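Visitor: Input: one structure, supplied below.
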Amino acid sequence: MRILLSCLTASLIAAAVSVSAASAQTPATVWLCKPGLASNPCTSSAQTTLIKPNGAQQLEPSKAQTRQPIDCFYVYPTVSQQMTANANLEITAAQTGVATAQASRFSSKCRVYAPIYRQLTVAALFGKATGTADREIAYNDVKAAWNEYLAKYNKGRGVALISHSQGSWMLTELIAKEIDQKAAVRKKIVSALLIGGQVLVAKGKDLGGSFKKIPACRKIDQTACVIGYNTFSQQPPADSRFGRTAQLGQEVLCVNPAALRRGATGKARSLVPTSQLAFGGAPLAPTPWIATNDLYTTRCASAGGANWLQATDVGGAGDKRPRFGAPLGQTWGLHIVDVNIVLGNLLELVDHQSAAWRKR
């Protein structure tokens, strides 16, 4: 049995397309998620069924949502099915689905803000779109939303940045231009979870690439630091789309959310929306979420010019829990489930970082 998050099937990175010379004027921000919205996918139900190795199910106890002491600013991956090169600002099932899958569980830790942005569409990335793709349009929307958040909603609170795929390209640029060199803004950052993107560091270092001041997270109580990784179940092939860079003296950052120390192996705590399991038949569980613990171990690995998060199935042949597959092929690896395969670990990490930031 293989897991496929349907809303993430087309998660690709923006670097593969051309950019036009000019960008349109940035309109007012449309919020996908923001406290007080009548319809907010980032506050969806978190009821969860734990699937055990023998296939037995156990309802996890629900925990009352406590006061969220920090904020989260989330930028979603490539999901737009529109046929134009850049999406418009319409909120569709694609955006709400991915926000539920990737960001909603963080609402127990933080107030989640997520802007709609005119991202490069799936059609643009496959060369089938009408018009010319303009990456600057997408970035300017994210930048405008960030500035609005700081001006109207932050009010001195700590903020964790969260993104995947194209969203991580957007936030990497935003951090480099608007946060990394600005001490007053940088001190607001709890952490940056830039997942499935291309955060660069000097080889063997935690800095010296995309950012000059914001290092990789290596301790659970470290703040103003970055988590970045690309997940594969085996060594990425030479033509893999993630985990590689042509920049001399640089490498793609890998930080293992389940064990931050270099070279350490951790146990993955996976969380997946039940509605987005694509193997058909009756729902696997009666709750909106399923959880599998310790089915995979994760560690950062380097070989053949690639750096990646190695996810190893340790369940054995008799384990009846659903596995994560690579439906887009090994060049993509487990990109589709980069977030969900270790979502439980990411939640725990943000919890510790939030406490550490507030103490400081």
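Visitor: Within the set of pairs 6+ apart or on separate chains, which have a first residue in segment 312-340 that is without any contact (Cβ under 8 Å) to a residue 24 or more places away in the chain and more than 20 Å from residue 284 (Cα to Cα), a second that is assigned to a strand (DSSP E or B) and not basic (Lys, Arg), and C-beta atoms under 8 Å apart?
Guide: Pairs that qualify, where the first residue is without any contact (Cβ under 8 Å) to a residue 24 or more places away in the chain and more than 20 Å from residue 284 (Cα to Cα) and the partner is assigned to a strand (DSSP E or B) and not basic (Lys, Arg), are 314/294; 314/295; 314/296; 314/297.
Visitor: I'm checking my understanding of the structure. Among residues of segment 157-178 that are surrounded by fewer than 24 Cβ atoms within 10 Å (Cβ to Cβ) and among the hydrophobic types (A, V, I, L, M, F, W, C), which one is nearest to the chain's Cα centre (by Cα)?
Guide: 174
Visitor: Taking segment 123-156 on its own, how many of its residues are of a type outside the set (Lys, Arg), surrounded by fewer than 18 Cβ atoms within 10 Å (Cβ to Cβ) and not in a helix (DSSP H, G or I)?
Guide: 6
Visitor: Among the numbered criteria (1) out of contact with any strand residue (DSSP E or B) (no Cβ under 6 Å at 6 or more places or on another chain); (2) part of a loop (DSSP other than H, G, I, E, B); (3) of a type in the set (S, T, N, Q), which single criterion is violated by residue 256?
Guide: So the condition that residue 256 fails would be (1).
Visitor: Residue 297 is checked against (1) within 30 Å of residue 238 (Cβ to Cβ); (2) modelled with pLDDT under 95; (3) crowded, with 17+ Cβ neighbours inside 10 Å and fails just one. What number does that condition carry?
Guide: (2)
Visitor: Which of the residues spanning segment 65-110 are buried (at least 20 other Cβ atoms within 10 Å of the Cβ), among the aliphatic types (A, V, I, L, M), within 19 Å of residue 126 (Cα to Cα) and in contact with a helix residue (DSSP H, G or I) (Cβ under 7 Å, 6 or more places away or on another chain)?
Guide: Within segment 65-110, 79, 85, 94 meet the criteria.
Visitor: Aliphatic (A, V, I, L, M) and without any contact (Cβ under 8 Å) to a residue 40 or more places away in the chain: is that true of residue 272 in this structure?
Guide: no
Visitor: Among the residues of segment 209-216, are any part of a loop (DSSP other than H, G, I, E, B), at positive phi and of a type in the set (Gly, Ala, Ser)?
Guide: Scanning segment 209-216, I find no residue that is part of a loop (DSSP other than H, G, I, E, B), at positive phi and of a type in the set (Gly, Ala, Ser), so the answer is no.
Visitor: Is it fair to say residue 213 is modelled with pLDDT of 95 or more, surrounded by fewer than 16 Cβ atoms within 10 Å (Cβ to Cβ), in contact with a helix residue (DSSP H, G or I) (Cβ under 9 Å, 6 or more places away or on another chain) and not aromatic (Phe, Trp, Tyr)?
Guide: Here the answer is yes, as residue 213 does meet what is asked.
Visitor: Here's something else I'd like to know. Residues 252, 272: which one is crowded, with 18+ Cβ neighbours inside 10 Å, aliphatic (A, V, I, L, M) and over 16 Å from residue 206 (Cβ atoms)?
Guide: Among 252, 272, only 272 is crowded, with 18+ Cβ neighbours inside 10 Å, aliphatic (A, V, I, L, M) and over 16 Å from residue 206 (Cβ atoms).
The values are calculated or read from the model by the stated rules, or taken from the named source; none is laboratory data. No experiment lies behind these values; they were computed from the predicted model shown. Cβ sites come from the backbone with ideal geometry, for glycine too, and all protein chains shown count toward neighbours.
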